[in-house]
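Colleague: This is the structure, below, for whatever I ask next.
The values are calculated or read from the model by the stated rules, or taken from the named source; none is laboratory data. Fair warning: this is a prediction, and the values are worked out from it, not measured in the lab. All Cβ positions, even for glycine, are placed from backbone atoms using ideal geometry, and neighbour counts span all protein chains on display. What goes into the accessible areas is simple: the full protein's heavy atoms, side chains included, and nothing from ligands, DNA or RNA. Shrake-Rupley method; radii C 1.70, N 1.55, O 1.52, S 1.80 Å.
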Amino acid sequence: MKKNTAHQIASVLTEALPYIQRFKNKVIVVKFGGNAMIDEALKHSFARDIVLMKSVGLTPIVVHGGGPQIGNLLGKLGKSSDFVDGMRVTDSETMDVVEMVLGGLVNKEIVNLINQHGGKAVGLTGKDGNFIRAKKIKLKKAAVDSEAFELIDLGHVGEVTSIDTDVLNMLNQSDFIPVIAPIGVGENGESYNINADLVAGKIAEELNAEKLILLTNTAGILDKQGELLTGLSLADIDNLIADGTISSGMIPKTRCATDALKGGVTSVHIIDGRVEHAVLLELFTDQGVGTLLLNR
């Protein structure tokens, strides 16, 4: 090994050490989605990041999405995908596909990847042990040519009503890594398709997580000149939404982040999932690779 290379490796490890010590035994909830879920190199780098986190004493929990995979299978079945405010309209047939893709195909692939790289992952949906309780979302939209509102029926689209953390605590204490598909269960046993960011945020709140990390297909939150913003407070987020800097698909993500911070999560990171080892770079380096949000 060349001297310069050895020095670089030593510098990286030295930089990482205080972060490893600070986050030892802390819960880190990671929402896995976007390009990181479909690019082979990124999938493997993500799995190695999660295994390394567990190996150095952190407590990672993975929550994953799977929108593109659901859309692809629906297309093969000749069924269209309709969205309202970014949420997939989910009738009974679509819910069957959602459960098949999220709870089966995608979940088991992530579990297998983590296990291949030396981890001990266990796949779950919110229906296992009924640990994610949910209710149907009631979406109100302004009626056309009227000041009244109309209710939009999204079918089996839900929101979290409660999280039973017993299953997660048992797995964490047994050195397993939970990998969670965002499917909830209603009062009568019905299944609900829930936004993965929201599930990750609620789990982070209930477990008093040190960090919530949301992987995206952007560098993070950008200003109007396209420059990365970081070290943002709750007030900063409100101002950036109000002036239009944060818009469209980033609004639900930042709302999820602010809710988690208000619920007791120490910090939230919105990071670029297109960067290999993005999770480790954000956790264990001074500069990071995304936007840090703090409750201050």
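Colleague: Where does helix 67-76 land angle-wise versus the long Cα axis of the chain, in degrees 0 to 90, nearest 10?
Modeller: Approximately 50 degrees, to the nearest 10.
Colleague: For the chain, with every protein chain kept in place, what is the accessible area per residue (1.4 Å probe, Å²)?
Modeller: On the way: 14300 Å² over 296 residues.
So the chain comes to 48 Å² accessible per residue, rounded to a whole number.
Colleague: What is the calculated FRET efficiency for I9 to T230, with r their C-beta to C-beta distance and R₀ = 35 Å, to the nearest 0.05? Walk me through the intermediate numbers first.
Modeller: Values: r = 26 Å, r/R0 = 0.75.
For R0 = 35 Å, the calculated efficiency reads 0.85.
Colleague: What length, rounded to one decimal in nm, is gained on full extension from E159 through to S174, with 0.36 nm per residue of separation minus their alpha-carbon distance? Don't skip to the answer; put the middle values down first.
Modeller: Numbers: separation 15, 0.36 × 15 = 5.40 nm, distance 2.91 nm.
That pair, E159 and S174, stretches by 2.5 nm at full extension.
Colleague: Using 31 Å as the Cα-Cα cut-off, could you pick out the over-long pairs in K76/K120; K140/K262; K120/K253?
Modeller: Working: K76/K120 33 Å; K140/K262 25 Å; K120/K253 29 Å.
Over 31 Å Cα-Cα: K76/K120.
Colleague: In whole Å, what is the distance between the alpha-carbon centres of segment 9-50 and segment 66-91?
Modeller: Rounded to whole Å, the Cα centres lie 30 Å apart.
Colleague: With every atom except the alpha carbons ignored, what do you get for Rg and Dmax of segment 90-142, in angstroms?
Modeller: According to the Cα coordinates of segment 90-142, Rg and Dmax are 14.9, 51 Å.
Colleague: Check T161: other-chain or 5+ apart residues with amide H under 5 Å from its amide H, H built from backbone geometry?
Modeller: Counting only residues 5 or more places away or on other chains, the set is R133, A134, K135.
Colleague: With runs of 4+ DSSP H residues as the only contributors, calculate the mean residue ellipticity of the chain at 222 nm using -39,500 (n - 2.57) per run, divided by the residue total and rounded to the nearest 500.
Modeller: Details: 10 runs with 112 residues, N = 296.
One gets -11500 deg cm²/dmol as the mean residue ellipticity at 222 nm.
Colleague: On to the next question. Under a point spin-label approximation (7 Å from Cα along Cα-to-Cβ), what is the L151-S248 distance to one decimal in nm?
Modeller: That separation, rounded to one decimal, is 3.2 nm.
Colleague: Another question, if that's okay. Considering only DSSP beta bridges whose two residues both sit in the chain, what percent are antiparallel, to the nearest 5?
Modeller: Values: 20 of 47 bridges.
Here the share of antiparallel DSSP bridges comes out near 45 percent.
Colleague: To continue, here is another question. Out of the total accessible area of the chain (probe 1.4 Å, heavy atoms of protein only), what percent is carbon and sulfur? Don't jump to the answer; show the numbers that get you there.
Modeller: On the way: 7270 of 14300 Å².
Using a 1.4 Å probe with all protein chains present, the chain comes out at 51 percent carbon and sulfur.
Colleague: Testing the spin-label approximation: label points 7 Å from Cα along Cα→Cβ at K24 and D85. State their distance in nm.
Modeller: 4.6 nm
Colleague: Mind checking the full-extension length gain between D166 and E93? Use 0.36 nm per residue of separation minus the Cα-Cα distance, one decimal, nm.
Modeller: Numbers: separation 73, 0.36 × 73 = 26.28 nm, distance 3.12 nm.
Answer, rounded to one decimal: 23.2 nm.
Colleague: For segment 146-266, what is Rg from Cα atoms divided by 2.2 N^0.38 Å, rounded to two decimals?
Modeller: Numbers: Rg = 17.0 Å, N = 121, 2.2 N^0.38 = 13.6 Å.
Computed over Cα atoms of segment 146-266, the ratio equals 1.25.
Colleague: From the phi angles alone, apply the Karplus equation (6.51, -1.76, 1.60; θ = phi - 60°) to segment 213-219 and give each ³J(HN,Hα) in whole Hz, x where the residue is Gly or Pro.
Modeller: 10, 10, 7, 10, 9, 10, 5
Colleague: Separate question: Per the Kirkwood treatment, what hydrodynamic radius in Å, one decimal, follows for segment 72-184 from the mean inverse distance over all distinct Cα pairs?
Modeller: Working: mean 1/r = 0.0619 Å⁻¹.
Value: 16.2 Å, from the Cα pair sum.
Colleague: Shifting gears a bit: Put a dot 7 Å past each Cα toward the Cβ at E190 and K135; how far apart are the dots in nm?
Modeller: 1.3 nm
Colleague: What are the radius of gyration and Dmax of the chain, computed over its Cα atoms and given in Å?
Modeller: For the chain, the Cα-based Rg and Dmax read 19.4, 72 Å.
Colleague: Cross-link candidates for K224: which aspartates and glutamates have Cα within less than 20 Å, leaving aside residues fewer than 8 places away along the same chain?
Modeller: Within the straight-line limit of under 20 Å, K224 reaches these aspartates and glutamates: D236, D238, D243, D272.
Colleague: Collect residues whose amide H, placed 1.01 Å from N in the peptide plane, falls under 5 Å from the amide H of T125; neighbours closer than 5 in sequence don't count.
Modeller: Hits under the 5 Å cutoff: A181.
Colleague: Right, next: Mind listing the phi-derived Karplus ³J(HN,Hα) values for segment 181-189, rounded to whole Hz, using 6.51, -1.76 and 1.60 with θ = phi - 60°, and x for any glycine or proline?
Modeller: So the J values, rounded to whole Hz, are 8, x, 10, x, 10, x, 4, 9, x.
Colleague: Taking 0.36 nm per residue of sequence separation and subtracting the Cα-Cα distance, how much length would be gained by fully extending the chain between N112 and D223, in nm to one decimal? Don't jump to the answer; show the numbers that get you there.
Modeller: On the way: separation 111, 0.36 × 111 = 39.96 nm, distance 3.81 nm.
Here the segment from N112 to D223 would lengthen by 36.2 nm.
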